[in-house]
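These notes concern the structure reproduced below.
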Amino acid sequence: MAGEVELLECPICAFSVLPSEEYVLQLHFEQVHTTDSPFRIEDDTEPLPPPLPARPSSKRAMPSRSESPSSDTSDSVVECPVPDCGELIPLNDYNDHLDFHAASTLSFDEATGTYSSKSTAAMAGHKSAKKHSDAPSFVEQHFNTALPDALRRKKDRGRKLKKEKKKDRSTRESDDSARTSISRSILSFYPFKGNKIVRPPASNARLGRRELGPYAWEDRMPRWLHDQLAKGPKISTVNRIGRDGRLIKTEIVQNETPGIIPILAQLSALDHSVQEAYYCHPSTLHIGKTPNEGAFCGYRNIQMLLSYVQGSHAQGHEQFPGRTPGVLKLQDIIERAWDMGINSISRQQTGGIRDTRKYIGTPEAQALFLGSEIDCAVEQFCDQDDLDLKAHDALFAATESYFAQANANDGSNVHKTHLPPMYLQHEGHSLTIIGFERHRNGRCNLMVFDPSYYTSPAMHRLIGRKNIRNSRDDVMFAYRRGLRALGKYSAFEILLLTAPPPTFPAWDV
């Protein structure tokens, strides 16, 4: 039929994918047809749910429930092959996801004086996308990206479709998906407009996979995962030598890393390409996932904002004494906020989130903070074709303006503020914005903590140092999100903590 795309086919079975998804075909070949492949998952204590098929059928059997989803997604996802990750990754994010996994294993080799990254099985043969940059990706700098010959025999298939039509279709699908996902939140909670709370009309229709993720319809998460989250991260105690020479007992929390922001501020100052940079309050922790937990990014980003509240004694810190509350505790707090009538429409939309793996977003984060008497506000950024304005450009401008209001100017091009970090939501994932960089060539980076990845050994080596002398571009890669990472999305939301920040000299501690 005219205009049809010929699919790439597995040389052994009938499995097929689009021409742009060679890495999915490779993953299938390794998992299904190779007995000794490191991609194969064996000896699991409990089987993980199977990944959705790469080419799902147009008809989907829906769960038998009283509610029906607003619009379930049929977009392809694939299980991340990196051990202990446990996330199901949309195909358009697969390349970047593996790049940042590689960055999280970055270490410094004392023998050679160079940085290197572990060549995990997940990244061997990985073909990185170059949608927005001609520069090699992080993985391409460290790994062999060649596809096996057996999978290349039909590499020229499917090239008959015109590039313009292919680009238009891809852009349209991406925009529709992003607007559906983001518009769910912006229309279903009560964002601040000045000092007033605007209550737009909201639908109480039950949401599906597109908005809530692969586990949108589960009643309870697996018992092993519940027990892992209830137990919390591992905590160990080590002895370290203090400045006065005495031994100090220090607690190390498995998924929490303090002290990263002062290091990033030093590295921005050492990077001669950086014209100006800003960073939030240094008490903000990087809080990531624990092994095999999957995608709880919304909760982990809330935890990072709460680490600022706790560490800086900001508004609402009395509500969160002791350690950072865990995922299950945060679910209880959000449900209580709904009981109080705060963004309660989300309960109908999600079917409830307690003890589930459903994705949460800006409405749930806002409900938690407002229910805890912490002032916050939300802003949204969307592509505006009539004004030729892209969402990522508006996000960059708003972030720079937010940090510039601090007036933290000590003569350096790196401004150390006391402002809170920001919660950032885009389609399918959320991050914590901890800073902003503007480079001399006009390029911009959001500086972020991403809860999907661990802190690299290379960063751990730098934490606590105050006399770093050389720039570390490889280390900075894990924390920078520029056009290449953000340009694929057509909508964003940010949540801001709006109470005046404390002003004690945290950067001097």
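Bear in mind these aren't lab numbers, they're just calculated from the coordinates by the rules spelled out. Because the structure is predicted, anything quoted here is derived from the model rather than measured. Counting neighbours? That spans all protein chains shown, and the Cβs are built from the backbone with ideal geometry, glycine included.
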Exercise. By how many nm would the segment from E9 to R443 lengthen if fully extended, with 0.36 nm per residue of separation less the alpha-carbon distance?
Worked result: 152.2 nm
For this session: Determine the gain in length on full extension of the stretch A205-N467; use 0.36 nm per residue of separation and subtract their C-alpha separation, reporting nm with one decimal.
Result: 88.8 nm
Exercise. What is the extension gain from Q319 to S412, computed as 0.36 nm multiplied by their sequence separation minus the C-alpha to C-alpha distance, in nm to one decimal?
Worked result: 29.9 nm
Problem set entry | Backbone HN-Hα couplings from phi across segment 232-239 [Karplus 6.51/-1.76/1.60, Hz, Gly and Pro as x] | x, x, 5, 10, 10, 10, 10, 9
For this session: Arrange the following residues from fewest to most other Cβ atoms within 10 Å of their Cβ: L305, L424, L387.
Result: L387, L424, L305
Exercise. What is the fewest-to-most order of E493, E400 by other Cβ atoms lying within 10 Å of their Cβ?
Worked result: E400, E493
For this session: List every residue whose amide H lies under 5 Å from the amide H of V77, counting only residues 5 or more places away in sequence or on a different chain, with H placed 1.01 Å from N in the peptide plane.
Result: L52
For this session: Have a look at N441, L497, L486 and report the one farthest towards the positive end of the charge dipole of segment 434-498, computed about the Cα centre with Cβ charges (Lys/Arg +1, Asp/Glu -1).
Result: N441
Seminar exercise, completed: About its Cα centre, segment 171-508 carries a charge dipole, from +1 on Lys and Arg Cβ atoms and -1 on Asp and Glu Cβ atoms, whose size in debye to the nearest 20 is 940 debye
Problem set entry | Pairwise FRET efficiency - W507 versus A397, Cβ, R0 = 22 Å, nearest 0.05 | 0.30
Exercise. Using the Cα gyration tensor of segment 171-508, with a ≥ b ≥ c the square roots of its eigenvalues, what is the shape: rounded (a/c below 1.5), prolate (a/b larger than b/c) or oblate (neither)?
Worked result: oblate
Exercise. Which pairs break 31 Å Cα to Cα here: K390/K466; K358/K390; K234/K488; K289/K488?
Worked result: K390/K466; K234/K488
Seminar exercise, completed: Using alpha-carbon positions, the gyration tensor of segment 323-462 gives root eigenvalues a ≥ b ≥ c; with a/c under 1.5 called rounded, otherwise prolate if a/b exceeds b/c, else oblate, the class is prolate
Seminar exercise, completed: Any residue on another chain or 5+ positions along whose placed amide H is under 5 Å from the amide H of H281 is listed here as L419
Seminar exercise, completed: Least to most buried among V309, V238, V475, V253, by other C-beta atoms within 10 Å and fewest first, runs V238, V253, V475, V309
